Structure formats: structure tokens, C-alpha cells
Amino acid sequence: MREIAIIGIGAGDPDHLTLQAIAAIQRIEVFFLLDKGPAKQDLVRLRTEILRRHARQAYRLIEAPDPERDRAATAYPAAVEDWRRRRGDLYARLLSDELPDGGRGAFLVWGDPALYDSTLAVLDDLYTRQVVEFEYQVVPGISAVAALTARHRITLNRIGRPVQITTGRRLADEGFPPGVDDLVVMLDAHCTFTRFTAADRIDIYWGAYLGTPDELLLAGPVHEIADQIVTTRATARARKGWIMDTYLLRRTIGQATGQQARDD
């Protein structure tokens, strides 16, 4: 039976690896990497640097082009499902062609495999459908959310208060969720935070390229620094060709939003 490890490697710093992740890496014979194109070679270089530091055995590195996703599709869930299906077909071929029975392979997943990453879901689907025979384990990693709060020296939650994680798309469609004062937003290419005003009483803690030499951090009242974040983000993306960023919106507890105040 093939053995697969889905290993979380942290948000960008090679030192983010846990001892469990290092131990798992040192058991692996074949590592699978998805090539996301020339603009994102930094992501490949980080993974190869991690292997250089921590692998102690002979191993093979198998790279394959990542299937393109239709980011302009109006039917977002359908586009994601199509992308995941094509990724699943690719994974099935890689496991069948590159990993013999009894072999040990791994996917090195940015951040934590359980948070906004498709690798676990795709492999779980292949496992359930028995497309190719394998067993698998998941090694957790330091997520971008954990790295963000650590770098800003803040806690993710406040005493007795809920925290919600959402996407920029959902924030744009639904606004700030009722009953939530601490909202982590991921995958927000359109900088939805710019819609909030001084009346909303919201602070933002923003970070990009967390854990890397290119790390960017900004924090403050969102209505005061939104334009600075937009400019910083656009400049960084133009320079590198890609960007990974996330942010925490923190509403002052006990304060109604501007919309609520107007309604009252």
C-alpha cells in the first residue's frame, strides 16, 4: 500500500516546521510539487530549501504543472469544483505513475493543510472513490492566521468572543457577520476592507508574504490605513507577480456599526 503524507510547512519561514513535520519529511521517498508558473517560483524554492535543510535520505522530486483555475467564472463554486476535479486527476496519475506500491510520498502544503487548501480534500476524494490505493496522514502546520497574529503580537480571540474566518468574496456579498467582532479574511483580491468607515469602529491587522524576507505588515484603524494597504499590496504584487495576504478585522466591542447607528 502506498503511504502519503500531507505535511503542513508553515506560512513561509522554513523555521515554521514542527518536529513532527521534520520527522515525516525524513521518511519520504517521493515529494510531489505543483508548478504554478514562473511568477510563483518562490513557492517552489521555499519547498526545496526545506528539503535541503531537513531531508536526510535519498528522495525524488516530482514537479507537475498545476491545472489552471477559471478565476473570472461567475459560478464560483462550480469553477472550484472543476479545478479540484482536474487536480484530482493529476494527483491520481502522479501516485500511479511515480509511487510504487509500498512507496512513501508527500505533498508539502503551505500553511496548514486544514485551512484554505485543496490538497486534503482532493486526496480524501481519491481515497473515498478508490481511484488509486493509498493510505494517508496529515501533519498540521503553522497557518497564515497564526503567523499573522504572532507578527502583530495580538491574540486571535478576545475573552468570551467568537472568531470567524471568511473570504473577501463573502465579506463583499454579506458584510460584517452579525454577532462577530473578530473576523479573519482570506483570499481578498479586491480589498473589501476599503468599504468600512470611521463610524464602523474597526481596526485592521494586515500581513503579506508572512514569514518570508518580503514580509509586509500594517495595522491601525481601517478607515485611516485602507488606502496605504491597497497601494502597498498593488506595488508588491506588481514587483513579485503574486501575493499571499490575509487580515484580521477587529470591531470595538460594544460599538454599533455605522449602518446600525443610522438604522437606530
It is to be established whether one or more residues within segment 79-97 are under 19 Å from Ser143 (Cα atoms) and surrounded by 13 or more Cβ atoms within 10 Å (Cβ to Cβ).
no
Log entry, pairs with first residue in segment 200-212 being part of a strand (DSSP E or B), second being surrounded by fewer than 21 Cβ atoms within 10 Å (Cβ to Cβ) and among the aliphatic types (A, V, I, L, M), beta carbons closer than 6 Å, six or more apart or on different chains, reads Tyr205/Ala219; Trp206/Leu218; Gly207/Leu217; Ala208/Leu216; Ala208/Ile243
Looking at this structure, is Leu33 surrounded by fewer than 21 Cβ atoms within 10 Å (Cβ to Cβ), at pLDDT 95 or above and outside the structural domain of Tyr209 (by TED's automatic domain parsing)?
no
3 or more residues outside the structural domain of Leu210 (by TED's automatic domain parsing) and under 17 Å from Phe32 (Cα atoms): qualifying helices (runs of 4 or more DSSP H) within segment 52-163
76-98, 119-129
Could you please find all residues in segment 8-30 being within 23 Å of Val145 (Cα to Cα) and of a type in the set (D, E, K, R)?
Asp13, Asp15
In segment 123-146, which residues are closer than 21 Å to Ala11 by Cβ and either free of Cβ contacts under 8 Å to residues at least 24 places away in the same chain or surrounded by 22 or more Cβ atoms within 10 Å (Cβ to Cβ) (or both)?
Val139, Gly141, Ile142, Ser143, Ala144, Val145
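The values are calculated or read from the model by the stated rules, or taken from the named source; none is laboratory data. Since the model is a prediction, treat every value here as computed from it, not as a measurement. Please note: Cβ atoms are built from the backbone with ideal geometry, for glycine as well, and neighbour counts cover all protein chains shown.
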